[in-house]
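The values are calculated or read from the model by the stated rules, or taken from the named source; none is laboratory data. In this text, all values refer to a predicted model and were calculated from it rather than measured experimentally. Cβ atoms come from the backbone with ideal geometry, glycine included; neighbour counts cover every protein chain shown.
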């Protein structure tokens, strides 16, 4: 999925990645591998079914995968969200944050769900916290469910379960309530966080 993201990993960057245009589009990769029958091409075609273009960071990619991969793999099986999408806001919120719209990380507009990945690096200053809080409260006033996600929340089983239940509940989906699913999801997240 990272090849279709708007970032590239580098050890020289402060947070381990830099902004750059996507290296490929999912539809181009699908077209290429539809015609390719060499070793591994079938697995690539399967994996491409889970690609969502437009992620702006490795952690955004991880959040997307946790919520969209099939339940059998430890994901939540949700449809793909829109990534880094513009959401129009009412005039009073525009005045409060000084912008006519906001750009949100993950968005399911039909369900009025927004997930914002909050990195410890970029969301810890007083100004960032104030701006994020004002934006989120304003969006909640408009009926959106806005949830912050951190790496620590994903890695903590209880915190993750709470977040996942709120988001999937808004879709009317109930995930398996058994230790096997919890183990699959835990293992998936540990694997993704190691990448």
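Quick notes on this one:
- For region 8-19, the criterion of being outside any loop (DSSP other than H, G, I, E, B) and without any contact (Cβ under 8 Å) to a residue 12 or more places away in the chain is met by at least one residue.
- Positions within region 25-68 being surrounded by 17 or more Cβ atoms within 10 Å (Cβ to Cβ) and farther than 24 Å from residue 103 by Cα, in sequence order: 29, 33, 48
- Helices (runs of 4 or more DSSP H) contained in region 81-155 and holding at least 2 residues surrounded by 13 or more Cβ atoms within 10 Å (Cβ to Cβ) and modelled with pLDDT of 90 or more: 126-141, 151-155
- Out of 92, 116, sole residue that is within 22 Å of residue 18 (Cβ to Cβ) and outside the structural domain of residue 16 (by TED's automatic domain parsing): 116
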